[in-house]
Amino acid sequence: MSVKVLVTGGAGYIGSHVVKLLGERGYEVLTYDNLSTGHEWAVLYGKLVVGDLADRNMLRKVFEEFRPEAVMHFAAHIVVPESIRKPLKYYSNNVANTINLLEVMEEFGVDKFIFSSSAAVYGVPEEIPVSESAPLRPINPYGETKATVERILKDLSRSGKGFRYVSLRYFNVAGADPEGKIGFAYPNPTHLIIRAVKAAKGDLRRLEIYGTDYPTPDGTCIRDYIHVTDLAEAHIMALEFLLDGGQSEVFNCGYGHGHSVKEVIDTVKRVTGRDFSVVETPRREGDPPILVADSCKIKDRLGWEPKYDDLGFIVRTAWEWELKGLVV
Ligand code: UFG
């Protein structure tokens with residue numbers, strides 16, 4: 001009998017890549033997604049139930065029928081500037097709805113949980129690369145919601161009921177399925193690599209660089225870009241770790257080195273073979289100058305070995321996906 005995994009947000013960008021890998025590895029998957037930003041076509045394996053995490057009765061029905069052994073929780077709002085304007089929307093979906101899910105899990109005795117956290121929990125770290133032991137000091141409501149859920153998970157794992165979790169703190173997730181079946185497909189993307197490939201395609205008139213006066217070698221921000229399939233693999237390893245009896249853990253998911261905004265733009269121009277207009281604008285609010293993961297812990301403890309640690313490859317998969325024109 002294959003292991004049953006309930007995946008919330010499995011129709012979204014990262015969730016769909018994990019569902020694909022779970023399906024390929026023989027897990028039985030059920031995606032629970034309200035399709036607010038996800039797509040039915042992105043769910044390549046298992047059943048899709050269209051439902052909202054606010055709807056506890058619907059969730060109960062799914063748990064009753066599917067009887068999952070573990071839950072992976074991707075469903076969340078993710079746009080930092082929007083979280084500043086609409087904090088209640090973020091706390092309600094990212095925190096209150098996660099509590100709904102955890103309560104239903106408890107009702108049905110499901111005690112293994114994998115959580116999509118973010119480097120946003122660190123805010124502006126004092127040390128780079130930042131390790132998991134750094135203090136949680138988010139600088140926006142989005143990051144606060146992720147840090148709040150992490151605190152809830154910690155308390156729950158200490159409550160004596162056997163609940164165990166892995167929280168994965170994502171750095172800058174990018175790229176698309178190397179087989180080209182799925183990729184990023186949200187309207188109005190804010191992320192650099194997506195915007196840059198859209199500029200290369202001609203869908204954006206120009207690309208803006210938000211700030212060239214940062215304390216970095218070329219003055220632009222440095223980020224740790226990680227290919228979405230390497231991140232998906234980290235989820236499978238986290239799941240296997242919990243299934244093998246591993247205790248609750250928090251892991252950074254990044255490569256441990258970064259690229260500046262200018263390096264990313266140069267790479268996009270090289271890989272796509274297209275030039276596009278780039279303008280320098282003032283800083284965007286809330287951007288830490290450098291965000292790079294200390295990724296030793298996940299490599300040591302889970303044996304995670306990234307396969308696609310190559311900015312050119314990340315950009316190429318994002319570009320090939322963009323050329324398919326499936327993006328809404
Ligand atoms: N950038 C530009 N121009 C653009 C888009 C982005 O110059 O058109 C710059 C940003 O200012 C930043 C870098 O490119 O310096 C990367 O920006 P992204 O928006 O791609 O990603 P972020 O680093 O802002 O976001 C990531 C995650 C978030 C998380 C955040 C924590 O995607 O989920 O890190 O800081 F909250």
Being within 20 Å of ILE14 (Cβ to Cβ), part of a loop (DSSP other than H, G, I, E, B), at pLDDT 95 or above and more than 14 Å from the ligand (Cβ to nearest atom) narrows GLU127, GLU132 down to just GLU132
Across (1) touching a residue at least 60 places away in the same chain (Cβ under 8 Å); (2) crowded, with 24+ Cβ neighbours inside 10 Å, THR31 clears everything bar (1)
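From the set of residues in segment 216-240 that are within 13 Å of the ligand (Cβ to nearest atom) and in a loop (DSSP other than H, G, I, E, B), which is farthest from ASP309 (Cα to Cα)? First the steps, then the outcome.
Our first condition is that a residue be within 13 Å of the ligand (Cβ to nearest atom); within segment 216-240, this holds for 216, 218-226, 228, 231.
From the residues that got through so far, the ones that are in a loop (DSSP other than H, G, I, E, B) too are 216, 218-221, 224.
Values: THR216: 22, ASP218: 22, GLY219: 24, THR220: 21, CYS221: 19, ASP224: 10 Å.
In this case the residue turns out to be GLY219.
From the list ASP155, ASP218, ASP203, ASP213, pick out the single residue that is out of contact with any Cys (no Cβ under 7 Å at 6 or more places or on another chain), surrounded by fewer than 23 Cβ atoms within 10 Å (Cβ to Cβ) and not assigned by TED's automatic domain parsing to the domain that holds LYS297.
Details: ASP218 fails: not assigned by TED's automatic domain parsing to the domain that holds LYS297; ASP203 fails: not assigned by TED's automatic domain parsing to the domain that holds LYS297; ASP213 fails: not assigned by TED's automatic domain parsing to the domain that holds LYS297.
Exactly one residue qualifies, and that residue is ASP155.
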Expected output for segment 194-211 (first residue at positive phi, partner surrounded by fewer than 16 Cβ atoms within 10 Å (Cβ to Cβ) and not in a strand (DSSP E or B), Cβ below 7 Å, 6+ apart or cross-chain) is GLY211/PRO282; GLY211/ARG283; GLY211/ARG284
Here the qualifying pairs (Cβ atoms under 7 Å; residues six or more apart or on different chains; first in segment 78-95 and of a type in the set (Gly, Ala, Ser); second assigned to a helix (DSSP H, G or I) and surrounded by fewer than 17 Cβ atoms within 10 Å (Cβ to Cβ)) come out as none
Exception for ARG301 within (1) within 30 Å of ARG25 (Cβ to Cβ); (2) crowded, with 22+ Cβ neighbours inside 10 Å falls at (2)
Subset of segment 2-26, residues crowded, with 22+ Cβ neighbours inside 10 Å and hydroxyl-bearing (Ser, Thr, Tyr), comes to THR8, TYR13, SER16
Flagged in segment 198-220 as hydroxyl-bearing (Ser, Thr, Tyr) and under 25 Å from the mean Cα position of the chain (by Cα), in numbering order, are TYR210, THR220
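VAL264: of a type in the set (Val, Ile, Thr) and either on the phi > 0 side of the Ramachandran plot or part of a strand (DSSP E or B) (or both), yes or no?
Considered against the rule, which asks whether it is of a type in the set (Val, Ile, Thr) and either on the phi > 0 side of the Ramachandran plot or part of a strand (DSSP E or B) (or both), VAL264 comes out as no.
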Please indicate, with yes or no, whether at least one residue in segment 53-67 is surrounded by 15 or more Cβ atoms within 10 Å (Cβ to Cβ) and farther than 21 Å from LYS4 by Cβ. no
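What are the residues in segment 267-282 that are in a loop (DSSP other than H, G, I, E, B) and surrounded by 14 or more Cβ atoms within 10 Å (Cβ to Cβ), if any? Talk me through it step by step, then tell me what you get.
Start the filter on segment 267-282 by keeping residues that are in a loop (DSSP other than H, G, I, E, B), which leaves 273-277, 282.
Those that are in a loop (DSSP other than H, G, I, E, B) and surrounded by 14 or more Cβ atoms within 10 Å (Cβ to Cβ): ARG274, PHE276.
Take the residues of segment 283-328 that are in a helix (DSSP H, G or I) and small (Gly, Ala, Ser): which is farthest from the chain's Cα centre (by Cα)? Lay out the reasoning, then the answer.
The first filter runs over segment 283-328 and keeps only residues in a helix (DSSP H, G or I), leaving 296-302, 311-323.
Applying the additional criterion that residues be small (Gly, Ala, Ser) yields 312, 318.
Working: GLY312: 20, ALA318: 16 Å.
Result: GLY312.
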Out of (1) away from the ligand (no atom under 11 Å from the Cβ); (2) surrounded by 14 or more Cβ atoms within 10 Å (Cβ to Cβ), the one THR145 does not meet is (1)
When every residue in segment 164-211 that is more than 8 Å from the ligand (Cβ to nearest atom) and acidic (Asp, Glu) is compared, the one nearest to MET72 (Cα to Cα) is ASP177
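The values are calculated or read from the model by the stated rules, or taken from the named source; none is laboratory data. This structure is a prediction, so every number in the text was calculated from the model and none was measured. Don't worry about glycine lacking a Cβ; one is built from the backbone with ideal geometry, like all the others, and counts go over all protein chains shown.
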